[in-house]
Each structure stands twice: as structure tokens, then as C-alpha cells.
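Input: a single structure, listed below in C-alpha cells.
The values are calculated or read from the model by the stated rules, or taken from the named source; none is laboratory data. Bear in mind that the values here come from a model prediction, so they are computed numbers and not experimental data. Quick reminder, even Gly has a Cβ in these numbers, built from the backbone with ideal geometry, and neighbours come from all protein chains shown. In case anyone asks, the SASA skips ligands and DNA or RNA and just uses the protein heavy atoms, side chains included. Shrake-Rupley method; radii C 1.70, N 1.55, O 1.52, S 1.80 Å.
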Amino acid sequence: MPGFHHVEIWIADLPQARAEWGWLLERLGFSLESEWSEGQTWAAGGAYLTFTTSPNLVGSTHDRRRPGLNHLAFLGGTTDDVDAVMADAEQYGWRPLYQDRYPHAGGPRHYAGWLENSAGFKAEVVADQS
């Protein structure tokens, strides 16, 4: 069966990541599976996403414009669900991107919102295709 088993993201500021990512993932239907002093794991759909610090971390900033991870795209439910996430995001540390083209920045048949958190990670919240 194809699919992801998990994705692990190294982060520099765990308390900030817990607050920002925790809100978004919970809002999108993920559940907190485990938590420890250096990280946490969120699960949905048979796969999981881990945020962790590491003593091997080089640097303290993420730049989505450099080689590596640009963004994670999440299933966001209905168009109303995506709109609600986008409306609340700034209260939880996420800055909306491409607002001048929302909700079709990805094209006229793609309903989604893009967010960036304080660490520079970008998340895309995609509405169900109907």
C-alpha cells in the first residue's frame, strides 16, 4: 500500500512549534499521539508527523526557499472549513500568504489557503475536490 509512514521535522523552538503546529494539526483532525521533552508526534490517516529538537541541529532558522522542504499540504475539509482555518490562523501564530489570490492561488480549480508560521514553515490547507 503506497503512502507516507511518517515525516519528521526538526525545529529550533519547541514551545513555539507546539503552540502553532498544535493548533493547526488539531484543527485539521490530527491527534496528539505522544509527547516528550524534545518533541511531539501527531497522527492522522495512518501516518504521523513528528516535531523534534536535536543536538545535531545546525542553525536556528528554516528557509522554505532553500533546497529542502518548501511546505506541507493538508486536507482541510470543505471550502467552509478551509475558510474557517484561514480566518482563525493569525490568532495562533500563522500568517496568511497570497491573500490577494485567496482561495485560488494554486489555480482556478484548486481551493486552498497558505499559511506561514513564525519559524518560516509553510502549510497549505486544501479543500476537498467536488
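Out of the range 33-51, which residues are touching a helix residue (DSSP H, G or I) at 6+ places or on another chain (Cβ under 8 Å) and open to solvent by less than 20 Å² (accessible area, probe 1.4 Å)?
Gly39, Gln40, Trp42, Leu49, Phe51
Just checking, does the range 93-110 include any residue being closer than 12 Å to Leu24 by Cβ and in a strand (DSSP E or B)?
Looking for residues that are closer than 12 Å to Leu24 by Cβ and in a strand (DSSP E or B), one finds none in the range 93-110, hence no.
Answer with yes or no whether Leu115 is open to solvent by less than 70 Å² (accessible area, probe 1.4 Å) and closer than 23 Å to Ile11 by Cβ. Walk me through it before giving the result.
Details: open to solvent by less than 70 Å² (accessible area, probe 1.4 Å): yes; closer than 23 Å to Ile11 by Cβ: yes.
In short, yes.
So the check is Cβ under 7 Å with 6+ separation or different chains; which pairs have a first residue in the range 39-62 that's under 24 Å from Gly76 (Cα atoms) and a second one that's β-branched (Val, Ile, Thr) and exposed (fewer than 11 other Cβ atoms within 10 Å of the Cβ)?
Here the result reads none, with nothing in the range 39-62 linked to a residue that is β-branched (Val, Ile, Thr) and exposed (fewer than 11 other Cβ atoms within 10 Å of the Cβ).
Could you please tell me which pairs satisfy a Cβ distance under 8 Å, a separation of 6+ or placement on different chains, a first residue in the range 82-107 that is farther than 15 Å from Ala127 by Cβ, and a second residue that is basic (Lys, Arg) and open to solvent by less than 20 Å² (accessible area, probe 1.4 Å)?
Leu97/Lys122
For the range 86-112, which residues satisfy the criterion of being open to solvent by 20 Å² or more (accessible area, probe 1.4 Å) and among the aromatic types (Phe, Trp, Tyr)?
Those that are open to solvent by 20 Å² or more (accessible area, probe 1.4 Å) and among the aromatic types (Phe, Trp, Tyr): Tyr92, Tyr98, Tyr102, Tyr111.
Restricting to the range 1-32, count the residues that are open to solvent by less than 30 Å² (accessible area, probe 1.4 Å), among the hydrophobic types (A, V, I, L, M, F, W, C) and free of Cβ contacts under 8 Å to residues at least 60 places away in the same chain.
Adding up the residues that qualify gives 2.
Quick check: is even one residue across the range 66-82 more than 20 Å from Ser118 (Cα to Cα), open to solvent by less than 30 Å² (accessible area, probe 1.4 Å) and hydrophobic (A, V, I, L, M, F, W, C)? Before you say what the answer is, go through the steps one by one.
Of the residues in the range 66-82, the ones more than 20 Å from Ser118 (Cα to Cα) are 75-82.
Within this subset, residues satisfying the condition of being open to solvent by less than 30 Å² (accessible area, probe 1.4 Å) are 76-77, 82.
Now narrow it down to the ones that are hydrophobic (A, V, I, L, M, F, W, C): 82.
Within the range 66-82, one or more residues are more than 20 Å from Ser118 (Cα to Cα), open to solvent by less than 30 Å² (accessible area, probe 1.4 Å) and hydrophobic (A, V, I, L, M, F, W, C).
Inside the range 20-69, can you point out the residues that are assigned to a helix (DSSP H, G or I) and farther than 18 Å from His5 by Cβ?
So in the range 20-69, the residues assigned to a helix (DSSP H, G or I) come out as 20-27.
Glu20, Trp21, Gly22, Trp23, Leu24, Glu26, Arg27, listed by residue number.
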